[in-house]
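Since the structure comes first, as structure tokens, the remarks are kept for the end.
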Amino acid sequence: MKFRSVASIATFVGLAVGQTPAGFEPAVEANLAVSFGSKAVDEPGASFTKEGTAEPLEGTYILAVIDISVPASFTPGNYEPRRNMLHALVAGFTSSKEANADGLYILENADPSGPAAYIGPSPPAETPPKAHNYVELLFEKTDAYKEPQVDYSGFNNRLGVDVAELIATLGLGEPVAANYFNVTGV
């Protein structure tokens, strides 16, 4: 994935509304421009395939990717209520020094390993089919940032993550930009 820099994103703040799904907190209005290979997340809530989202992330500041649609149970017909799953929490991103041909600054990270390395979306097939919403939140890394005390290398510590608690515990403050897309398991 590629992400445009905060400088580029800031130009869209006045135009962007609803960059996170309805009812999701924290709500963010600034758009985080994201692409998977050559396919951009042009509109918040765009649909992708599992294969189209399998590549690791690239970006700036601290990036969190959260599936907010994980079934509480995988028993057919008994999927509700839904819960969150942390798909990535990657720190240490920096912006390129020069804009590319499109006038965008690419956000890069030499070590995309963590504290929670990217796990590509892989929602289960559901009947009826249900799209999973993947929210991407970009945070400025400030002196208030604290390394997580949770080991996110395993699957279980990523399930049921409380987004507000995660933000507060890590000292992240408000996201500077966001976006979301969806993937349906088949």
Legend entry - Charge context of Pro76, other residues only, Cβ under 15 angstrom, K/R +1, D/E -1: -1
Legend entry - Inter-label distance for Gln149 and Arg82, nm, one decimal - labels placed 7 Å from Cα along Cα-to-Cβ: 3.1
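Averaged over every viewing direction, what's the projected area of the C-alpha convex hull for the range 32-184? Give it in nm², one decimal, please.
Orientation-averaged projected area of the Cα hull: 9.4 nm².
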Legend entry - Lys97, Lys141, Lys50, Lys146 arranged by Cβ crowding within 10 Å, fewest neighbours leading: Lys97, Lys146, Lys50, Lys141
Legend entry - Local electrostatic count, Val161, Cβ distance below 15 Å [Lys/Arg +1, Asp/Glu -1]: -3
Legend entry - Built amide H within the under 5 Å cut-off of Ala33, gap 5+: Arg4
Inset, instruction - List every residue whose amide H lies under 5 Å from the amide H of Asn84, counting only residues 5 or more places away in sequence or on a different chain, with H placed 1.01 Å from N in the peptide plane. - result: Gly160, Val161
Legend entry - Proximal charge balance of Glu25 [Cβ under 14 Å; K/R count +1, D/E count -1]: -4
Legend entry - Charged-residue dipole, Cβ positions (Lys, Arg, Asp, Glu), the range 32-184 about Cα centre, Debye nearest 20: 380
Inset, instruction - Please give the peptides 129-137, 177-185, 23-31, 150-158 ranked by average Cβ packing (other Cβ atoms within 10 Å per residue), highest first, as a rough proxy for protection. - result: 177-185, 129-137, 23-31, 150-158
Inset, instruction - Would you please give the residues with an amide H less than 5 Å from that of Gly171, counting only those at least 5 places away or on a separate chain, with H modeled from the backbone geometry? - result: Lys146
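Read-outs: derived from the displayed coordinates by stated rules, not from any lab. All figures in this text were calculated on a predicted structure; none of them were measured in a lab. A quick note on method: Cβ atoms are made from the backbone with ideal geometry, for glycine too, and the neighbour counts reach across all protein chains shown.
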